[in-house]
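J.: Just passing along the structure, written as structure tokens.
Throughout, read-outs are computed from the coordinates displayed, never taken from laboratory work. These numbers come from a predicted model, not from an experiment. As a convention, Cβ positions derive from the backbone with ideal geometry for all residues, glycine included, and neighbour counts pool all protein chains shown.
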Amino acid sequence: AVFYLEKTITSSGGKIFATNGKKADFRTTLKKCEEAGGSIATPRNQGENDAILYFVKNFNTYAYLGIKESLIPSKFQFLDGTQLRYTNWHLNEPSGKGEEECVEMYADGTWNDKRCNHNRLIVCQF
């Protein structure tokens, strides 16, 4: 019983997105999603972004996404190293220039690069 689902599940594009309503840093989020048999939520289109946004709005807090900065500062990619084809960056983001390797979703659904040690809502995909 790693992950309890309490009215905290939605779907888009054949993926199921879920949260336990708890917050954690990026590394812990990865671990919790893996323990639950999934992976960290990674929007690959507007529909999936909206599915994650549902939780961000519902819990009134930001969430980490399964996107990280590559070895090239300000260039981001999926965790498996593939290129982003869909992005939803907030105005003037990403702005960390190598200092902010993780990506969080704001309450309006846009993205911001952020240090990985902040606690954000755990949202997984299955």
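J.: Checking the table 23/57; 32/68; 68/114; 31/97 against a 20 Å threshold on Cα-Cα, which pairs fail? Working shown, then result.
T.: Details: 23/57 14 Å; 32/68 18 Å; 68/114 10 Å; 31/97 26 Å.
Beyond 20 Å between Cα atoms: 31/97.
J.: Mind checking the full-extension length gain between residue 110 and residue 70? Use 0.36 nm per residue of separation minus the Cα-Cα distance, one decimal, nm.
T.: Details: separation 40, 0.36 × 40 = 14.40 nm, distance 1.96 nm.
Extra length available between residue 110 and residue 70 comes to 12.4 nm.
J.: Running a GNM on the chain with Cα contacts under 10 Å, which residue among 55, 78, 17 ends up with the highest mean-square fluctuation?
T.: For the chain, modelled as a Gaussian network with Cα springs under 10 Å, the answer is 78.
J.: If you don't mind, there's one more thing I want to ask. With a cut-off of 8 Å between alpha carbons and a minimum separation of six or more residues, what is the relative contact order of segment 1-125 in percent?
T.: Relative contact order, segment 1-125: 33 percent.
J.: Specify which labelled value, from (1) 11, 30, 28, 21, 10, 1; (2) 9, 15, 21, 28, 23, 4, 0; (3) 14, 50, 31, 4, 0, agrees with P(r) over Cα pairs in 10 Å bins from 0, in percent derived from the coordinates of the model shown.
T.: Read-out from the structure maps to (3).
J.: Under a GNM of the chain (C-alpha, springs under 10 Å), which listed residue has the highest mean-square fluctuation: 30, 84, 65?
T.: Comparing 30, 84, 65 in a Gaussian network model of the chain, the most mobile one is 84.
J.: Please list the non-local residues whose amide H lies under 5 Å from the amide H of residue 12, H modeled 1.01 Å from N, same-chain partners needing a gap of 5 or more.
T.: Residues meeting the criterion, in which the H sits 1.01 Å from N, are 17.
J.: Can you tell me the orientation of helix 46-59 relative to the chain, as the angle in degrees between its alpha-carbon axis and the longest Cα principal axis, to the nearest 10?
T.: Computed tilt is about 70 degrees.
J.: Dipole magnitude of the chain about its Cα centre, charges +1 at Lys/Arg Cβ and -1 at Asp/Glu Cβ only, in debye to the nearest 20?
T.: Around 180 debye, computed over the chain.
J.: Moving on to the next point. Pairing the Cα long axis of helix 26-35 with the longest principal axis of the chain, what angle in degrees results, from 0 to 90 and rounded to the nearest 10?
T.: The angle comes out near 40 degrees.
J.: Right, something else. Given labels modelled 7 Å from the Cα in the Cβ direction, how far is it in nm from residue 89 to residue 126?
T.: It works out to 3.4 nm between the two label points.
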